[in-house]
Structure formats: C-alpha cells, structure tokens
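See below for the structure under consideration.
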Amino acid sequence: MASTTPQPTQPTSTAAPTAVPVPAPTNTTNIVILGGNHAGLGTLHTLARHTIPALQRLSSSPSTYKITLLTPNTHFFFKPASPRALIQPDLLPGGEGEDKIFRPLSEAIKQYGDLVTVIRGFAVGVDMDKKEVKFKHVDVGGSGDGLFVPPSSTDEGVVRYDVLIIATGTKARSALWTLPSGPEVQTFKSAHEVVQKQWGEIRTKLKNLQSPGHQHHNILIAGGGPVGVETAGEVAAWLKAEGKTEGVTVTLLSGSDRLLGRNCGEGLGRKAEGYLKKNFGGLVRVRHGVKVVGTADSSPAGGAGAAEGSAVQDEEAAQKETTVTLSDGSTTTVALYIDATGGSGTASAFLPSTWLDATGRINTDEFFRARGPSSSDSPSSGAAAGGIYAVGDVVSGSDNTLISTNFQVPVVCSSIGVDLAAQILGPDKEGNGNGVKLPAALKQKTYKNKLSGTLLVPIGPGGGVGQVMGWGVPSFLVKVMKAKGFLVEMVEPAVDGSQWK
C-alpha cells in the first residue's frame, strides 16, 4: 500500500493568491512534488541524490535546481503497519509503539539544505499554461523545525513549476488509514495526530467492549482486502489475549464473494478465511455478498453529550455505538465499527476530470508521464501535460501496494531526467544521445514489478497467509517476514533516503 496524502477541495478565498518566493537565477529549474509520503518522499530522495547531480554534470553552464515539496503533513506515515499500530502498538519492534511509524519529514529533508523547500498546504488547482499550482496553506502554528515555509498573510498561495510530480496517493474512506488534509487538521499540530486520536478511540472502545454502558458488544469490520483481513486478525488476537471474547463476535464483510478478491487468486482468499476459522473459531465470522451502505453513531449512553473535558469526551466516544445499514436492507448495531474498504484517487481536487480515470487516478503513459486530457478532440493534450508526472497509488491502474510504488519511483525519476537532459542537449534526432554518453540516472527505465504476485497478509501476530511471486508460503514464513514486525524495518531507509542509494 502505498500511500499517500489526500487533497480535498476547499472553499475559495476572496484574498488574492500569493506566489511562494523562489530567489533563484533565471536558469533555475523548479521541481514541485505534491504529496509527502512514500511515493513523494522516494521521488524527492532519488531526484536529489541521482537525477539532479547527473543533470548538473551534463550542463556546460551553471544550472540551479530547486525542489518544492507541497504537503499538508509534517510526518511520514508508514501505512503498511497501520493494522498492528491501531490495535496492538506495543507489539511493534523497538518499543516505540505507534511513534515508530510516524517520522518527522524534517529527518528526511534537512540533509539537502537549500535544495528543498517544504510548504504545508494542499493543491486546489493546476494552471498548465502558466505552469502554476494553486494551493491552500495549512496553518497550525508551524512545525518548529525551521524547514517549512511559513504561511503568507492569506490562506492561498501559488508555486510555479517546470516539473510537476503528483504523488498524492489515495484517500481512504476512514481516517484510520490516511493522513487527513482538510479542516480537521487545523485543530492539531499535525495531520498524524488526527490519525492517532482515531486509533486511541478504537483502543478505548475495545477495552470497554463488555462494559455495562454497551447494549451491544459485537464488532463489524467492512472490507475484505488485506487491511480488513489483517485488522480482523489483530482485533481477534487481542480479544483472545485479553480474555474479552465472551459474548463478542467479530464480523468481517468481504464486500464480494471472497476475501482478498482484488489482490490474488481465489485460493489465497479461501486460505485466509480458513485461517481465521482455525485460529479464532466462532469469535470471527466472515460474511460475503453484502456491503455497508450507511452508518449512524448513537449518542453517548446516559445523555452525557453536554459534558466537557478531553477525558470525558474520550469516555463518551468509547460508549458510542454504530448502527450499520447493509446492502441487503438489513441493519445491525455494534459497539465498534471499523471501515477498511479502501479508497479512491485524490487528483480530482486539482486536475480536470479529463485527465483522470473513473476512480480519480491519473492516466499516464508507461513511463508515468501524465497523458493530459483524454478527449480525442484535444489536439494540444500532449503539450498541456508536458512536464507533469504521477507516481504511486494516484496512478491509474496502480495496485495500491508499497511494492508497486518502490518500482515506480526509479522509472518516473528517469523520465524526468531524460526530459530535462533533452532540454540541455537539444532534440536527439539520431537516437544516440547527441553523441553524449548519458549516466544511468538520465537513461529511460521501464516499469516492471519484479515481485508481482507477492502478498503477505498477517492474521494476528502468530502468522497468516501469503504468496511470493505467485507461490504460496506457509504461515510461519508470513510470521517471520511480516507478522512479527509489520515491515517497520523499512521505515528508516525510506525516511533517510538510504533505500534509494
């Protein structure tokens, strides 16, 4: 799952937008990256470490490059570990709990000095003719690390680009799985605190599941993909370990005819369902063929809604129940509802619909250059898309996995390098690089997911189901490879850039 940061549409301000100052000579190439999570940060590291130095060596005259990272979040969020961090953060390696998967962006960016500027904000429009991104600031008092450009006197801004990389990921239907960037961020120092607050409320509900304040004691998890299955396993394992299984049923809705339907063949989904039954018995029930079409939270028990104070509010949240309406017309009320149904693309907040597929993701060529308007009546579509690229989950056809994103990043950076090198050397009419031997960073790479068919799905700390390149692997290998630590060993290389050496 790769992830990244949603870009919601916001009300238009009456104040005039202000351009972000870029004090640089006229030969400066401005590179703007939208989105500061795995895809965006990986692209930034690769450009800063490989592509830009190669371009500077190629040019006979001094050239300057500037990277601007536009993101509403101050922290990197390692989403693959979310199911474990949500339910059992103490089991994450290192003893740091959920802090292990939230890392300040400053740790990643400070090594590049003046090359990189970070603006806390989110895109609300792109002017392809002027090559400008219009954005809204996220002003919550600054990050305190000195790396973020402070907001101007207005809540809107404009940043100019020569190269625009869109890495805004997808927006999950639940705030449990994604960093928010809307008005809800304004009351917190950073977007990751919104996620942590939601996680804390889930844990409190679990601890109070069998309390007298609850008329219902069951749990409903919607979503039969990896996140839903992993979360069901984490919840069930915690309930067993804490001895809180009496009178409790965890229902997992697949939303289709089987689990893991979008991610693999039918066999692995059956194995996942069998694993749940074998290890948790009647505690977990898997239900197929129905989806959630509506939810409504109840008022706190005893009408305590008027009470104030964070402790009281947390207690009220713990006592709330959720009535869920299903696609077959039935309703059920549960003590805890977890939405793990995935998400949709975020690019519709700032790009025309003609650039996107039906899910809100960006149409690109095989090298992750944006195609531009899809209409055949737009002969200038190629020119409109010039200098615009996409990477990560926001790309049309992406399988929304970290594995896929890791293979996309070098390709999109090579596309940027090839295109900028052509501007330096001129058109390569003979196909020989104009007689210049280009370094590897400036040669076009092609995308190939070398680990295609790989999926590891922990179902509790003890193991799970999975396959590697299409070949099934036993539960104990799933435990060793992922269930034990949910891949948190990948966080440090992703943040410090050593992954992209």
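Here are some notes:
The rows are residues; the columns are (1) within 21 Å of residue 40 (Cα to Cα); (2) touching a residue at least 12 places away in the same chain (Cβ under 8 Å); (3) not in a helix (DSSP H, G or I); (4) not assigned by TED's automatic domain parsing to the domain that holds residue 195.
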| residue | (1), (2), (3), (4) |
| --- | --- |
| 61 | no, yes, yes, yes |
| 73 | yes, yes, yes, yes |
| 80 | yes, yes, no, yes |
| 83 | no, yes, no, yes |
| 90 | no, no, no, yes |
| 100 | yes, yes, no, yes |
| 108 | yes, yes, no, yes |
| 111 | yes, yes, no, yes |
| 126 | yes, yes, yes, yes |
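- One residue from 191, 236, 272, 222 being farther than 22 Å from residue 483 by Cβ, crowded, with 21+ Cβ neighbours inside 10 Å, in contact with a helix residue (DSSP H, G or I) (Cβ under 6 Å, 6 or more places away or on another chain) and of a type in the set (Gly, Ala, Ser): 191
- Strands (runs of 3 or more DSSP E) contained entirely in the range 129-206, each with at least 3 residues that are at pLDDT below 90 and not assigned by TED's automatic domain parsing to the domain that holds residue 219: 170-172
To keep it simple, each residue is scored yes or no on (1) at pLDDT 95 or above; (2) in contact with a Pro (Cβ under 9 Å, 6 or more places away or on another chain).
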site	(1), (2)
421	no, no
435	no, no
455	no, yes
493	yes, no
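- Qualifying residue in the range 377-386 (condition: at pLDDT 90 or above and either buried (at least 19 other Cβ atoms within 10 Å of the Cβ) or part of a loop (DSSP other than H, G, I, E, B) (or both)): no
- Here the range 39-66 is the region considered, the condition is being of a type in the set (Gly, Ala, Ser) and surrounded by fewer than 24 Cβ atoms within 10 Å (Cβ to Cβ), and the residue that is farthest from residue 423 (Cα to Cα) is 48.
- Taken as a whole, the structure places residue 455 among residues that are closer than 30 Å to residue 45 by Cα and in contact (Cβ under 8 Å) with a residue 60 or more places away in the chain.
- Scanning the range 461-490 for residues that are of a type in the set (A, V, I, L, M) and surrounded by 21 or more Cβ atoms within 10 Å (Cβ to Cβ) turns up 465, 478, 483.
- Residues of the range 1-38 classified as touching a strand residue (DSSP E or B) at 6+ places or on another chain (Cβ under 8 Å), surrounded by fewer than 24 Cβ atoms within 10 Å (Cβ to Cβ) and at pLDDT 50 or above, total: 4
The values are calculated or read from the model by the stated rules, or taken from the named source; none is laboratory data. The model shown is predicted, which means the values in this text are computed figures rather than measured ones. Because the Cβ atoms are built from the backbone with ideal geometry, glycine has one as well, and the counts that use them run over all protein chains shown.
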